[in-house]
Each structure stands twice: as structure tokens, then as C-alpha cells.
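Only the coordinates and a few stated rules stand behind these numbers; no lab work does. Quick caveat: nothing in here was measured; it's all calculated off a predicted structure. Neighbour counts run over all protein chains shown; Cβ positions are idealised from the backbone, glycine included.
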Amino acid sequence: MGDDGIFEELKQSVIDQDEEKVLATVDKALAAGVDARKVIDDGLLPGLDVIGEQFECEEIFLPELMQAALAFQSAMAVLEPKIRESGGEGPKKGRIVLGTVKGDLHSIGKNILRLLFETSGYEVWDLGIDVDLFKFIDKAKEVDADIIAMSALLTTTLIGQKDVIDALGEQGLRDKYRVMVGGGATTEEWAQKIGADGWAPSAYEAVTLAARLVGAQAGSAA
Amino acid sequence: MIDLIEVFDRAETGPLTSETDYYMKRYVPKLAEVIARYGIKWDKQTIVNTDDELTDNVFSAAVDLLAEAGAYCPETNRVMEFTRDEILTACAQAPTSATFGEGRERKAMRGRRPDTTDDRPWVHVGGGIYTTDEQVFVDTVEKMASFSIVDSVSVPSILHIRGKDARVRSPQEVLATIKTVRLAREGILRSGRVGLPIINGISAASQPASMFAATYPDFGLRPSDGFLIDFLSEMVVGYEALQKVAFYNTIGANIGSTSTPLFGGYAGGAEGVAVTATCYMIMGNLIMRGTYHYNAPLHSKLHLSSTKPLIWAIALSNAAIGRNMGYPMVNLPYLGGGSGTKQYHYEMACYMLAVVTSGGNVFSGHPAMAVQPDSLVPDDHRFHAEIGLAAAKLTRAEAEPICQKLFPLFGDKLKEPDKGLTFQEVYDPRTKRIVNADYQRVMDEVREELAGMGLEVPVS
């Protein structure tokens, strides 16, 4: 079997959300001498792209997305040490600190976003729900985040997103991080009003937005 | 039925597990298992199910789901487990009616069976849309309460104090909640129907302190009103909800157990939502000690409930409970179109035809995607209540072809719905009469179109 065959097999194992098959195929690829980085870039990530598209088109739902993500994460536990051994770096596209703002106990939208970020190659620190504004800021400082992403479902909790942006400004950190907001109660107008860098109406579109923001961040840092 | 303290104890004594493990090792696989076990399948076309074997299978699957997956308490990280016997006993002992209101407005909302065409369902109108102007708030409540066909109202929310939005869990939230309740009762007083019940005077999202404060009798709420207590994420029973259960159960109030299973979330697609929504109604009685259920399944991306698979699932969950438990239900429709638009009325008619013929009571909905402050327009709600009462004279089999005619009129617009009107754009501020001729014309045209499809909707 040529490399194309093994990459197709890796891709399909992710699409099938079959953790055992993913791990077995990863082992097979590594045994055949395929570079760990290529296993990810040419095999697993294309599979996750398909999963993302299927999720967007409602062919699959959150449970299937989670199964695929868990299978991917198991494969990464095998592949990342190999990449480090060979002196390479992980394939991460960016670092994101994510959470539902203070006072808001809703998690599903945020959890979907975490999975989509992770399976799109981002490193994610999920702070959970009801997150204090300083937790966002402290974690972003600690991990040198590119993006702070905040979710809010309720009209009464939206203000928590503004609180974080205001606090970043007061601490002189506003330009250090890109801030994106989303969630049931948010709108593009709201995002503009509070000075966020971006807003997305769905988790899937948030991933595209993150790529744009990380690119802009890299551009402004250069 | 096991007693309430025992229910609370289950949150402290059940198996310890993380939230992720609860979903990935219990709820998600068990849901898939019970769906396969009972052969539950949506054919991607039907809107109103008429297959009673499928209906009963959904109920059985919901019982199995609760017995095998349990519910999850995030504060203790434990699974609240219940045996099949405990669940079935609770179902057998569930209330089949809930009495609301005072004086001449005191009436019972009853659990309904599907295809019951000779009763009058409970008529509930309103919704928790954000209102910015306090005069509009009182006028809106007064107008809704003044419609003679209305049995209870939901009221809009006032989220601000002295012009500033009240932050969740802040002292201002307590004051805003109290203000909402006081003004709601004032609006009802002005309508001349002082005993009319408010069945969501306080948003389910409010903190317990705000809800308890606003329940102080002098502010105008009574145990004969309704108090919503909701589940958070799928199958999650949080301590805040249980605190509310402890309080409202103790004062003998009507508890509206409330759930919002998400299409596209952990529940998956149509089949998962149908089973999970039914399971919530069972849990609403067993855990929340509800006297009625407030069923509000929602699309996770579109934030509305009028997609074809969702209407199928919502109607099916009503039929499953109606045939097997008799717990009174209302269903909150989140609609795509804005107030006063044809899209909005078509969506409502399709939803109402499906759920009312399947055993639900009548509940007018509100705009979701196109929502804007002050967009609760009372005459929409009267029209939708009239549609609900007309639907109650039909069977599911009679409703299905009408729904199939209606769906193409709005299905393609759900992602980018028509914008609607506000209270101020429809009514004369002094007389509260409709002054927007287009608004009235749209409603009249839809009424005529519905008659042409086989649904005569008399003006009340």
C-alpha cells in the first residue's frame, strides 16, 4: 500500500469515529515509516475536516463529533511524543482560552466549540462555565494564548463578555489577545459594541473566525 | 413515588463520575441503545406521527433511558439513579391536572391524550421577550390578559433598573425580578381579570434568591401561579434547580418542570430529541415535582423549534406522555419569523397543529432568531391561540397533510427569517388598538389561507 492508501485509511478511521481503528492505523503508518507529522496532516486532519462538514450539515451530531474527537486525541497522545523526539513541534494552529462567562451555567455550545477547535488543530484551555473574568486573563497570560473565546447564552449574562474586555483594557493587555464572543444571546452588533475582535453565529463559523484572528495576530506581531 | 428528600439524597449517594464520562459512557451510548432497542426512526418526511406503536416505544425508551443512564448532578459529580419500578410508580402517580388561578379564573390544565377532539385545551399566551419600556410591558400584559380565550399568561422580562441592565446574580437582578412580577400583576389587574394566573412570572434562568424574593405574596404572585424550574445541559439536575424545588414544593406552588433538549447537541437528531424530551417529562414529575411540564426543544444552531425533525420530535413526545402518563404539558415554540410576519404565522400553525393534536395544550410562541426588544405583539398571540383551539378539533391524521402544506411556506426561510414588528409599530399607544393596516392584513390573509388548507380558524 502506498502512502496515499494509508492516509485514506487514517482519514476513514476518523470519519468512522472508531478509536481502535484509528490507533491501529496510526501504529501501522508509523511502522511503515510514515512521519508522525504527516500522519496528522495528511491522514487524521482531513478526516476531521469531513467530520466537521458532516456536523455542519446535520448528518452527524455532537455525540459523533465527540467520538471522533476522542479518537483523534488518543492518536495525538501517541503521535506528539514522536514529533517531539524528532525535534519537531506539535501541529497546533494557535492557543485558545475558552469558557462560558460569569453567571452563565450553560455548557453545550461551548463544549461543541471546544471539540471543533481541538479537532481543527488548536490547543484549547477550557475553563468551563461561570468563569470569573480574572480566570480568563490569568490563564491567557499563563499559556500565552492567541485568543480568548467567551460564550454567553443569556441576555443577563452577556455583560460578562464586556467585563473581560474592559478588564483587559484596564490592565493594558487588550492588544495582546484577540477576543471572540458567541452564544445564544450574542449578536454581531453586540460584539462590535463591546469591542470584541470577532463574533460568529455558529461553532463551525467560529473556527473559521479563529483562523482569521490568529492570522491577524501573527501579522500584527511580525 | 419516592419522597423528595430521597430524591435529593440520590444526588449525594449515586456513582461518582465526571461530566464528560457521564455523557460519553452513560447518556450518549444509552440513548443510542434505547433508540435501537425500540426501533425508533424518523422517516425524514413525516411531521405529525400517527403510529401509536412508535409513540409507546418512545415512552418505553424514555423510561429505559432514565433507568439506565440516570441524571447528573454537577455539584456533587454524582449520577442520580432511579430503578425502573421507582420511575414507573412515579409515572403512574403523576398529576394529570394542575389547578391555576384564583376566583372565577381558577381552572385546571389537564393532561390530554392525542386525537382528543372534544375537549378544550388550556390556552396559554405570551413569552419572556425582553421589554425595554415599562409602559409597554404593562400594556402588553393587560392586552394579553384581556383576550377572553386566554387561561394564563407568560410575561415579558424587564431586565433593567434605572436604565441599566441588571447583571445576573446581582442585587439589581432581585429588584428587576420583583419589578417584573409587580408590573405583571398590575397589567392583569387592569384587564379586569384579577385572578388570572401567570405561569412564568419569573424566568427559569433567574437565581433562586431572585425567584424566592419575587414570590413574596405582596408582590402579586401566588402558589396558584406557575413557577418554572429548568434542567440545565442535557440530563443535568443542578443544585439551584433543586433549591427551587425544595422551596416551591414546600409552599405548595405549581411547579412547571422545564426542559430544552437540543437538536444537534448531546441528544443528537430527531429520534434522540423525541426520547430525551419524553424522559424530561418523566423526570419533571419525579425529580422536579412538577404539576405541569414546559417542553421547549430547540435547534442548537438555529435557536428555534420549527424545523421539520423538531416538530416531529416535539409532537411525538407529547403523544408519548399523553398516552402513557397524562402529565399536563405546554410546549414553548421558538419561531424563526419576526412578530406579525406570514412566516411567523405559518410556523406557528404548523407547530400548533402537530403538538395540540398530539396531546399538548395551546401555548403561543415567540420569535427567536428575529427577536428584538418589545416584539411581543399580543394580537399575534390571540391569533395563535385561535389556531390552537381550531387544531384541537382535528386528529393527528387530519393535521399531518395541513402541516405538509404549511412547511414549504417557511422551511427555506428558517436560516434567514423575515424581520418583524414591535408593539409600538402595531398599536396606538393610547387606545391600544391596531393601527398598522399591514399587520391586520397579513393576519387576515393567513387566516384565509389556513381555511383553504382545511383549518378553519374562527375569530374569538
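List of remarks:
- DSSP beta bridges fully contained in the protein assembly as shown are about 20 percent antiparallel.
- Rounded Å value of the spacing that divides the Cα centres of the stretch A:64-141 and the stretch A:4-54: 20
- Reference-scaled alpha-carbon Rg (2.2 N^0.38 Å with N residues) for chain A: 1.07
- Cα convex hull of chain B, projected area averaged across orientations, nm²: 19.4
- For the stretch B:326-430, the relative contact order works out to 40 percent when only alpha carbon pairs closer than 8 Å and six or more residues apart are counted.
- If you take all other residues with their beta carbon under 13 Å from the beta carbon of B:Gly127, and give Lys and Arg +1 and Asp and Glu -1, the sum is -2.
- Cα Rg over Rh - the stretch A:111-171, Kirkwood: 0.96
- Dividing the radius of gyration of the alpha carbons in the stretch B:37-166 by their Kirkwood radius gives 1.08 for Rg/Rh.
- C-alpha long axis of helix A:108-119 to longest principal axis of chain A, angle in °: 50
- Taking the Kirkwood radius as Rh and the Cα radius of gyration as Rg, the stretch A:3-85 has a ratio of Rg/Rh equal to 0.97.
- Debye intensity ratio I(q)/I(0), log10, the stretch A:95-221, q values 0.14, 0.20 Å⁻¹ (C-alpha model): -0.49, -1.10
- Fraction of C-alpha pairs exceeding 13 angstrom in the stretch B:183-228: 52 percent, rounded to a whole number.
- Helix A:45-56 vs. chain A, principal-axis angle (Cα, 0 to 90°, nearest 10): 50
- Two-decimal log10 I(q)/I(0) for the stretch B:4-92, as the Debye equation yields it once each C-alpha is a single scatterer, q = 0.14 Å⁻¹: -0.58
- Net +/- balance of residues flanking B:Ala36 in space, Cβ distance below 12 Å, scoring K and R +1, D and E -1: 0
- Normalised by the number of residues in chain A, the mean separation of alpha-carbon contacts (under 8 Å, six or more apart) gives a relative contact order of 16 percent.
- Positive contributions from Lys and Arg (+1) and negative ones from Asp and Glu (-1), summed over other residues with Cβ under 12 Å from the Cβ of B:Ala241, come out at -1.
- Solution diffusion estimate, µm²/s, Stokes-Einstein, the stretch B:381-447, Kirkwood Rh from C-alpha pairs, 20 °C, viscosity 1.002 mPa s: 149
- Sequence of B:Cys73, B:Cys279 once ranked by neighbouring C-beta atoms within 10 Å, starting from the fewest: B:Cys73, B:Cys279
- Cα-based equivalent ellipsoid, the protein assembly as shown: semi-axes from gyration tensor eigenvalues, Å: 42, 29, 25
- The radius of gyration of the Cα set in the stretch B:327-459, together with its Dmax, comes out at 14.2, 45 angstrom.
- In terms of surrounding Cβ atoms within a 10 Å radius of their Cβ, B:Lys179, A:Lys110, A:Lys38 rank from fewest to most as A:Lys38, B:Lys179, A:Lys110.
- From the largest down, the stretch B:308-378 spans 39, 21, 15 angstrom on the principal axes of its Cα atoms.
- Value of [θ]222 nm, deg cm²/dmol, for chain A, DSSP H segments ≥ 4, -39500 (n - 2.57) each, nearest 500: -18000 deg cm²/dmol
- Going by neighbour counts of Cβ atoms within 10 Å, the residues A:Asp166, B:Asp374, B:Asp3 line up, fewest first, as B:Asp3, A:Asp166, B:Asp374.
- On Cα atoms only, tilt of A:3-15 relative to the major axis of chain A in degrees: 50
- Taken as Cα centroids, the stretch B:290-323 and the stretch B:1-66 sit 15 Å apart, rounded to the nearest whole angstrom.
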